[in-house]
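Shown next, in structure tokens, is the structure this report addresses.
The values are calculated or read from the model by the stated rules, or taken from the named source; none is laboratory data. Please read these numbers as outputs of a predicted model, since none were measured by experiment. Glycine also receives a Cβ, built like all others from the backbone with ideal geometry; neighbour counts cover every protein chain displayed. Note: accessible area is taken over every heavy atom of the protein model, side chains too, but ligands, DNA and RNA are not part of it. Shrake-Rupley method; radii C 1.70, N 1.55, O 1.52, S 1.80 Å.
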Amino acid sequence: MKQGAQGSAGAEVPRAGAPGGQGGQVRVPQQPGVADEGRVRPGGGGASEVVRGEHTHSEPAAPSTPPSAPRGRSVVQRSSVRGQIVDALRAALVAGDLRPGEVYSAPVLGERFGVSATPVREAMQQLAIEGAVEVVPNRGFRVVERGARELAELAEVRALIEVPVMLRLARTVPAERWAELRPLAEATVRAASSGCRATYAESDRGFHRAVLSLSGNQQLVQIAEDLHRRAQWPLVGSGPGMRGRADLVADAHEHTALLDALIARDLDVVRALVGEHFAGAG
């Protein structure tokens with residue numbers, strides 16, 4: 001559960017979590033007739049952005065009935081592009097490609113993603129709500145700087161929420177239900193072995209989400225996931241090589257050991273493993 005784009009606004013944002021742990025430019029394909037249409041106006045950072053769906057007096061009015069999509073092609077809604085950008089930015093944040101304290105321009109990032117600045121700006125607004133970035137007027141978004149104390153506080157809160165739930169579930173959930181989570185635990189080990197922190201972060205959250213979902217309390221699952229995601233953001237001064245493959249693999253093996261203890265209903269081992277797990281995360 002421990003994790004931590006380039007230092008200038010013009011740097012490329014690689015695809016975190018690409019196959020084999022390799023990076024690469026993240027590009028969300030533009031849809032013909034979507035990004036190319038609409039009014040162009042100056043965007044932040046001196047670039048231009050395409051404002052989709054806007055109508056001016058110099059443009060013909062849109063037909064009352066939208067034309068059907070060409071056969072054999074699906075229509076990609078702008079909201080889906082925004083979702084892809086949110087996921088890509090989250091992965092870049094965890095991977096350390098978006099560095100704490102750096103300011104990133106939506107138009108520049110949009111060029112790297114192959115989209116207009118609008119969905120990037122919307123995605124960054126979502127990250128601002130989550131507390132990952134903050135708005136810098138007329139410049140863009142600054143990645144929030146966090147220290148070790150905040151990470152320790154997050155680990156403490158997560159432990160207060162998750163440890164009692166896991167101990168209760170250890171007493172009540174049958175062994176066969178725990179056994180069903182074995183593929184998820186093993187997936188975290190494979191993800192850790194790739195050395196890609198973004199890939200491991202997603203797999204890590206997936207395992208914890210599955211465990212807590214057995215409580216039947218979706219509010220708890222949602223709150224725990226938010227805390228978990230925040231705990232994966234990089235610290236001030238952390239670099240792309242801050243946590244190596246060995247650290248990730250050791251962390252992942254704690255999942256399989258925990259699952260073994262849960263299947264055996266060994267509460268003492270469960271308590272010790274979970275306690276060490278969150279202590280390490282802090």
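Remarks
- Residues of the stretch 125-160 that turn out to be in a strand (DSSP E or B) and open to solvent by 30 Å² or more (accessible area, probe 1.4 Å), as a count: 3
- The set of residues in the stretch 78-95 that are small (Gly, Ala, Ser) and open to solvent by 10 Å² or more (accessible area, probe 1.4 Å) comprises SER79, SER80, GLY83, ALA88, ALA91, ALA95.
- Among the residues of the stretch 193-207, the one identified as basic (Lys, Arg) and either surrounded by 22 or more Cβ atoms within 10 Å (Cβ to Cβ) or touching a Ser or Thr at 6+ places or on another chain (Cβ under 8 Å) (or both) is ARG197.
Okay, residues lined up against (1) touching a Cys at 6+ places or on another chain (Cβ under 7 Å); (2) of a type in the set (Lys, Arg); (3) at pLDDT below 95; (4) in a helix (DSSP H, G or I):
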{"residue": "ALA192", "(1), (2), (3), (4)": "no, no, yes, yes"}
{"residue": "GLY206", "(1), (2), (3), (4)": "no, no, no, yes"}
{"residue": "ARG229", "(1), (2), (3), (4)": "no, yes, yes, yes"}
{"residue": "PRO234", "(1), (2), (3), (4)": "no, no, yes, no"}
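- Filter pass, GLY282 being at pLDDT below 90, loosely packed, with under 15 Cβ neighbours inside 10 Å and under 25 Å from ARG146 (Cα atoms): no
- Any hit, the stretch 93-107, residues being assigned to a strand (DSSP E or B) and of a type outside the set (A, V, I, L, M): yes
- Among the residues of the stretch 172-192, those identified as surrounded by 15 or more Cβ atoms within 10 Å (Cβ to Cβ) and not β-branched (Val, Ile, Thr) are TRP178, LEU181, LEU184, ALA185, GLU186, ALA187, ALA191, ALA192.
- Within the span defined as the stretch 258-276, one or more residues are of a type in the set (D, E, K, R), modelled with pLDDT of 90 or more and not in a helix (DSSP H, G or I).
- Residue in the stretch 176-183 that is part of a helix (DSSP H, G or I), touching a Ser or Thr at 6+ places or on another chain (Cβ under 9 Å) and not small (Gly, Ala, Ser) present: yes
- Residues that are within 21 Å of LEU227 (Cα to Cα), modelled with pLDDT of 90 or more and not in a loop (DSSP other than H, G, I, E, B) do occur in the stretch 108-124.
- Residue match in the stretch 208-215 (condition: closer than 24 Å to VAL133 by Cβ, modelled with pLDDT of 95 or more and open to solvent by 70 Å² or more (accessible area, probe 1.4 Å)): yes
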